[in-house]
Amino acid sequence: MTTKKICVIGLGYIGLPTAAFLASKGFDVCGVDTSPSIVETVNNGEIHIVENGLDEIVRSSVKNGKLIAYSEPQLSDIYIICVPTPFHEGGKVPCPNIDIVLDATRSIAHLLKSDDIVILESTSPVGTTKKIAIELKNFGANLDNVLIAYCPERVLPGNILNELESNDRIIGGLNDKATKVVSEFYKSFVRGRVHETSAKTAEMCKLTENSFRDVNIAFANELSMLCKKDSIDVWELINLANCHPRVNILQPGVGVGGHCIAVDPWFIVSRDEDNSKIIKTAREVNLYKTEWVEKEIENEVHKYNKNVLPKVAFFGIAFKPNIDDFRESPALTVVNNMKNKLQDIMVVEPNINKFSDINITPVCDAVKYSDICIFLVKHDEFLSINQEDFKEGAKILDFCGVFK
Ligand code: SAJ
């Protein structure tokens, strides 16, 4: 049997791990990115993002010639589109922008031949897979024997390589044959189950998964604000409520970050705002939680004498624990908004040495010298801090449950 040649378009957080993972499974993979520096980095066997185990698998796949990066798609048998789907700002609600998906689609139109497969993995509004077929036709592709399907990526940043193999996958073809053939392709390297459905249902399924998580985090965040008023410990409350066999509340925090859960619910809301009240409200609650945290910090700082402003330390600026990813990070938003209002601040982030114009302070110094210690992200490094390590009389504001 000849080895299938796979072209992965977009070498970002999903595309690069996918390309390297498929190369490690024996496929010949061509990775495509419009950024020349990404193409060069990958062809040097190096990576431009941080992800557990990714450097090793990219290095070995490039070394043995299974993964080669290009700036344009090359003739292949299977094309997998893994490009970003941002949203248009400025409207009544944010609307998805699939321009980059359509750019990627046009870039393969001239390469398609009989029995080729085109797969969209990017999180996309319902109907995008169909639009890919229309765009390909408009750009001259003969689709008579081309199979097109949607298969949403579902991997968790920080654990991508494991989840690429172990997660269940959803396959929604534009017709039954596409669904069947694409399912067989995923079954050849996935250990989880592969579920078959229509393209539209698969598209909606991805948006549903991330909206479900957003709604549930909003519930936890709402509880945290309600509890503050009555001096109830929200962490204890959630632990107790979760002892009920049918209750499973998530954890409150500073808000919801990353480029998935804070974005994808808008794809549903913008399609039918009247009928997505819970999803929209959850988004608003999670955005409001960040503002609420800032107000709490300001209230604490205002208790100090205006002539002797307190030294304030912020612990964590990543978008979630134990990761050096800062995309849409609510903790970073808090630090950026507060740093102009406060004179003397320290920022602790054990996962990096420097971030833009922010100097990073070691955990021990921030703990020892700060009057107010504000915990924004529950990084493992903070869990071993003892109460007696803090400066005498220091105020601790724990928004992420480090000490619970
Ligand atoms: N968060 C909380 N409380 C919690 C859990 C998370 O505040 O109890 C916050 C995190 O701190 C972070 C944000 O939510 O700021 C999102 O983190 P996450 O770990 O929930 O999810 P992501 O964005 O890293 O990855 C999600 C995953 N989706 C689901 O779990 C349904 C992942 O499987 C998707 O592949 C990914 O989005 C994506 O690319 O869509």
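Numbers for the structure displayed
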read-out: All aspartates and glutamates inside 18 Å of residue 306 as judged from Cα atoms, apart from same-chain residues fewer than 8 positions distant; value: 296, 298, 344, 371
read-out: Under 16 Å from residue 92, Cα to Cα: lysines that are on another chain or at least 8 residues apart; value: 277, 280
read-out: Amide proton proximity set for residue 355, modelled H, under 5 Å, gap of 5+; value: 360
read-out: Ranked packing of 220-229, 329-338, most packed first, by mean Cβ within 10 Å; value: 329-338, 220-229
read-out: Percent RCO, i.e. relative contact order, over the chain, from Cα pairs under 8 Å lying at least 6 residues apart; value: 10 percent
read-out: Cut-off under 5 Å, modelled amide H: who pairs with residue 118 long-range; value: 79, 147, 148, 149
read-out: Amide hydrogen neighbours beyond the local backbone of residue 5, cut-off 5 Å, H modeled; value: 77, 78
read-out: Vicinal HN-Hα couplings computed from phi for segment 110-116 (Karplus, 6.51 cos²θ - 1.76 cosθ + 1.60; Hz; Gly/Pro x); value: 6, 8, 5, 9, 4, 6, 6
read-out: Cα pair distances in segment 196-314, grouped into 5 Å bins until the bin that holds the longest one, percent each; value: 2, 10, 16, 17, 16, 14, 10, 7, 4, 2, 1, 1, 0, 0
read-out: Lysines whose Cα lies under 25 Å from that of residue 66, excluding same-chain neighbours fewer than 8 positions away; value: 4, 5, 25, 113, 187
read-out: Semi-axes of the equivalent ellipsoid for the chain, Cα gyration tensor, largest first, Å; value: 43, 24, 19
read-out: Order of exposure, largest accessible area first, which applies to 48, 379 with probe 1.4 Å; value: 48, 379
read-out: Carbon + sulfur, % of accessible area of segment 294-404 - ligands and nucleic acids excluded, 1.4 Å; value: 46 percent
read-out: Convex hull volume per residue for segment 303-358, taking Cα atoms only, in Å³; value: 88 Å³
read-out: Carbon/sulfur fraction of accessible area - segment 166-244, other protein chains in place, 1.4 Å, %; value: 56 percent
read-out: Range of Cα positions in segment 61-155 per principal axis (Å), largest first; value: 48, 36, 23
read-out: Listed residues 279, 108, 360, most fluctuating in the chain (Gaussian network, C-alpha, under 10 Å); value: 360
read-out: Cα shape, segment 311-403, gyration tensor, a/c 1.5 rule; value: oblate
read-out: Restraint check, 341/404; 229/391; 341/368; 368/395; 311/341, Cα-Cα greater than 18 Å; value: 341/404; 229/391; 341/368
read-out: At 1.567 mPa s and 4 °C, Stokes D of segment 248-373 from Kirkwood alpha-carbon radius, µm² per second; value: 80 µm²/s
read-out: Candidates 38, 352, 374, ranked by Gaussian network fluctuation over the chain, Cα under 10 Å, top entry; value: 352
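The values are calculated or read from the model by the stated rules, or taken from the named source; none is laboratory data. Bear in mind the structure is a predicted one, so any value in this text is a computation, not a measurement. For neighbour counting, all protein chains shown are included, and Cβ atoms are generated from backbone atoms with ideal geometry for every residue, glycine included. In case anyone asks, the SASA skips ligands and DNA or RNA and just uses the protein heavy atoms, side chains included. Shrake-Rupley method; radii C 1.70, N 1.55, O 1.52, S 1.80 Å.
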